[in-house]
Amino acid sequence: MKYIRKLPEAEELFDEYSLTPKQIVNRQEFVGQIRDIISGKENRKLLLVGPCSADREDSVLDYVARLAKLNDEVKEKFLIIPRVYTGKPRTSGMGYKGLLHHPYINSENDDLLDGIIAARRLHYRVIQETGLFCVDEMLYPESIYYFVDLLAYIAVGARSVEDQSHRMTASGIDVPVGMKNPVGGDTTALLNSILAAQNKHLMSYRGYEVQTEGNDYAHAILRGYVDNNGKNHSNYHYEDLCDFHDKYVGFNLKNMGVIIDCNHSNSGKQYNEQIRIAKDVFHSCKLNVAINSMVKGLMIESYIEDGNQIVGEKIYGKSITDACIGWEKTERLIRELAESV
């Protein structure tokens, strides 16, 4: 392991892209709305919508500006949280790892400091230009500190949810944290992760001994799973949700909540299936009061253009990681869902 340089303390970057007192209040109010939905004080649903990866600043800002207008239109039914994922886990460790690793998509001269700054600047510009606050993934527990003050929601991915440092860091974060089921689908491991995140811990973080307070708003994200033969299986159907509800109750956790990830193994990586899955989940909510109370919303992978592209094609607003539904389909889907609830 070769030490290249010491990265700056997060506080050194806060001044350059810092929120105004009014924006700090707006963020607190936005986070408060999310908490109220997760706790059941509000009947609206959450929609976590956006690209698989936030690959370039211009198209992501364009996309979120469109979401902001749509959010105003459907705000009586939904709270839309833009998905701005600046770090991407890779199954093999290869490929595009997100803005944090690759601030210059087509360059071999990657720079982690430039990536951290680019990620913070993107989240900052989203707030400045749209008034919305985003969800990002906690790919690295220590890196999330560089922009956690700008976020409204954090997700812990399927490859990280069983990791002790991710669980304990989630317990010390001041925004709701959604924890995905592991790739193999073990929901007991998922619920244990939520239990860990909801409790206090003494831990080492960024070179300090710290005490976490526990995150009452840690909850589940169901994303389907992959069996030992590499076959995708879903876990969003009515029967799956009934079974998971009963299991969730048995753990006696605070603020029981589930977000359904409409892509990944739930869709079998068939991105257009997200439209059908979203409608199916909301239909299950209509059929069963307990499911409706547990399901707090959906996660949808969406960008300006349908599908995906390989790195280097440079098609504006088209994913360079997992395929997404395009803007026209997304807009139509959200409007149809708003009419149905």
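None of the figures in this text is laboratory data; all of them are computed from the coordinates on show. Model, not experiment: these values are computed from the prediction. Don't worry about glycine lacking a Cβ; one is built from the backbone with ideal geometry, like all the others, and counts go over all protein chains shown.
What helices does the chain have that are whole DSSP H segments, at least 24 Å long along their own axis by Cα, and with mean Kyte-Doolittle hydropathy of -1.0 or more? Don't skip to the answer; put the middle values down first.
Details: long enough: 21-39 (27 Å, -0.39); 57-74 (25 Å, -0.22); 112-130 (27 Å, 0.16).
The qualifying helices are 21-39, 57-74, 112-130.
Each of Asn229 and Ile4 was given a label point 7 Å from its Cα along the Cα-to-Cβ line. The distance between the two points is 4.3 nm.
In a reduced charge model with +1 at each Lys and Arg Cβ and -1 at each Asp and Glu Cβ, the chain shows a dipole moment near 380 debye about its Cα centre.
Scan the chain and hand back the longest stretch that contains none of the trypsin sites (Lys or Arg not before Pro) lying in DSSP loops with at most 15 other Cβ atoms within 10 Å.
Working: sites that count: Lys2, Arg5, Lys6, Lys41, Lys75, Arg90, Arg159, Lys200, Arg206, Lys231, Lys269, Lys314.
Counting at most 15 other Cβ atoms within 10 Å as exposed, the longest clean stretch of the chain is 91-158.
Find which of Ser143, Met203, Asn215 sits farthest along the positive direction of the dipole of the chain, computed with +1 on the beta-carbon of Lys and Arg, -1 on that of Asp and Glu, about the Cα centre. So the residue we want is Asn215. Taking amide H as placed 1.01 Å from N in the peptide plane, Lys269 has its amide H under 5 Å from the amide H of His264, each at least 5 places away in sequence or on another chain. Pairs with C-alpha atoms separated by more than 29 Å, drawn from the list Lys41/Lys88; Lys77/Lys254; Lys69/Lys318; Lys45/Lys254; Lys77/Lys97, are Lys41/Lys88; Lys77/Lys97. Electrostatic tally near Arg120: other residues with Cβ closer than 10 Å to its Cβ, Lys and Arg +1, Asp and Glu -1, net 0. DSSP beta bridges confined to the stretch 11-340 are antiparallel in about 20 percent of cases.
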